[in-house]
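Written below as structure tokens is the structure these notes are about.
The values are calculated or read from the model by the stated rules, or taken from the named source; none is laboratory data. Since this is a predicted model, take the numbers as computed values, not measurements. In this analysis, Cβ positions are derived from the backbone assuming ideal geometry, glycine residues included, and neighbour counts consider all displayed protein chains. Heads up: the accessible areas ignore ligands, DNA and RNA and are worked out on the full protein's heavy atoms, side chains in. Shrake-Rupley method; radii C 1.70, N 1.55, O 1.52, S 1.80 Å.
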Amino acid sequence: MQYDAKFEAAIDQVKAEGRYRVFADLRRQRGNFPHAQFRTPNGDDKDIVIWCSNDYLGMGQHPCVIEAMHTAIDAVGAGAGGTRNISGTTRYHVELEEELADLHGKEGALLFTSGYIANEATLATLAKILPGCIYFSDAMNHASMIEGIRRAGTPKHIWRHNDLDHLEELLAAAPADAPKVIAFESVYSMDGDVGPIEAVCDLADKYGAITYLDEVHAVGLYGPRGAGIAERDGVMDRVDIINGTLGKAFGLMGGYVAANATMIDAIRSQAPGFIFTTSLAPTLAAGAVASVKYLKQNNALREKHQERALRLKTLLREAGLPLMPSETHVVPLLVGDPVACKAVTDALLSEYGIYVQPINYPTVPRGTERLRLTPSPLHDDELMAKLIDALQNVWARLGLSAKAA
């Protein structure tokens, strides 16, 4: 067996499809987000502006977060010391779970090392707790949800994206006495559309299912205290399990689920992805506590974020660029070809100091390759004007279509 040849062939296939990724070596500048430095292939540092960060509000640079992390590392050192079950639970972890439970109006919350792991571990574990359960998963659910349901090894049905009639059809055909889990998202991160939370909860009540809602691209950003779309829409109390992340609007790292105390205790006691993993560093937990507390009290930052997203969408439309439909802060710009998508982002970075990554298959379906722009409250009008000018120049030079999907 020529192992190296197999690996090389796998890489060559990705390259041939135009999907090969080259990581950008970035150095963010404390207190100067969204500005950063990019280390070029010849070793030089180039000043750039980041347009694709999921640190949606710039909280990863916020003074209150940095101060809390400095205080924690000075007090307790760097590492957690082990898994939560052995030696990795600190006061910071406990306080963070309390803050997250309060944020979502739930009795409890459970921390994981990422939002991906929180989804995968929780959805896989629910099948152990609920033998014979059937999953009903939205067709556009994140890879972590798909993997968790796959690992559960129980029957599943995929309902057409946001199609309530199809979901009800599938629920009605399932055995009435079988446990059922409806898994879906609030904000879908690539198209920026929103799941019909209240209507899904209505169907869950009608057919005896529990609801599992991924709010990772909404926590911190929507609702009076930043609990997400379910809070914004006044239906948070109707959702059984809410998944969130600390790695996006809160600006750090980690994930969690929030639910009633019994559910949280059962997941804590049975999820391998929780039990056997070293816990988050105390410094991360301390920073997240500060971030969650701050955003609970500062709705003005969310309002500014929404204004900036709306402003960028308006400018893109006025410039005749192919803006895709989006209900939220996600601003997708259609390219439709992986090679062209990479050519656009390469030109923006090398010629204009604008950093945005191409979004290609398998993250999005083939033929819908795009730029995914994420303006923050700190992307001012001047930066937006420079972005629009650069996009128009690159689009014209590459002969790309101005029509959106």
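With n ≥ 4 as the cut-off for DSSP H runs, can you work out [θ] at 222 nm for the chain, using -39500 (n - 2.57) per run divided by the number of residues, rounded to the nearest 500?
-13500 deg cm²/dmol
Could you tell me how many degrees, from 0 to 90 and to the nearest 10, lie between the Cα long axis of helix 164-173 and the main elongation axis, the longest principal axis, of the Cα atoms of the chain? Here the helix axis deviates by roughly 30 degrees.
Given a cut-off of 27 Å, name the pairs among Lys206/Lys304; Lys6/Lys342; Lys293/Lys313; Lys248/Lys342 whose C-alpha atoms lie farther apart than that in the structure shown. The pairs that break the limit, which is 27 Å between Cα atoms, are Lys206/Lys304; Lys293/Lys313.
Just reorder Tyr3, Tyr361, Tyr92 by solvent-accessible area, largest first, 1.4 Å probe, all chains present.
Numbers: Tyr3 150, Tyr361 90, Tyr92 50 Å².
Sorted by accessible area, descending: Tyr3, Tyr361, Tyr92.
Of the accessible area of the chain, computed with a 1.4 Å probe over protein heavy atoms only, carbon and sulfur atoms account for 53 percent. Computed with every protein chain present, the accessible area of Asp102 is close to 80 Å² [probe 1.4 Å]. Only protein heavy atoms count here; on that basis, with a 1.4 Å probe, Ile86 has an accessible area of about 140 Å². Rounded to 0.05, the FRET efficiency of the Asp205 and Arg30 pair, given R0 = 35 Å and the Cβ-Cβ distance, is 0.15. In the context of the full set of protein chains, residues of region 305-403 present 41 Å² of accessible surface per residue (probe radius 1.4 Å, heavy atoms only).
Binning the C-alpha pair distances of region 118-184 at 5 Å intervals from 0 yields a P(r) profile of 4, 20, 31, 23, 17, 5 %, listed from the shortest bin outward. Accessible area per residue was computed with a 1.4 Å probe on protein heavy atoms; Arg397 scores about 130 Å².
Computed on the Cα atoms alone, the convex hull of region 125-231 gives a volume of 97 cubic angstrom per residue.
On the beta carbon distance between Gln13 and His166, with R0 = 30 Å, the FRET formula returns roughly 0.30. The label point for Ala143 and the one for Asp102, both projected 7 Å from the Cα toward the Cβ, are 3.6 nm apart. Solvent-accessible surface of region 133-217, averaged per residue with a 1.4 angstrom probe and all protein chains in place: 38 square angstrom. Whole-Hz Karplus values for region 264-278 come out as 4, 5, 5, 5, 4, 7, 10, 7, x, x, 9, 4, 9, 10, 4 Hz, taken residue by residue from phi with 6.51 cos²θ - 1.76 cosθ + 1.60 and θ = phi - 60°; glycine and proline positions read x. The alpha-carbon atoms of region 150-299 define a convex hull whose volume equals 130 cubic angstrom per residue.
Each residue of region 49-61 was assigned a 3J(HN,Hα) from its phi angle through the Karplus expression (A = 6.51, B = -1.76, C = 1.60, θ = phi - 60°), giving 10, 7, 10, 9, 7, 8, 6, 4, 10, x, 5, x, 10 Hz with x at Gly and Pro. In whole percents, the pair-distance distribution calculated for region 73-133 from its alpha-carbon pairs, binned every 10 Å from zero, is 18, 40, 34, 7, 1.
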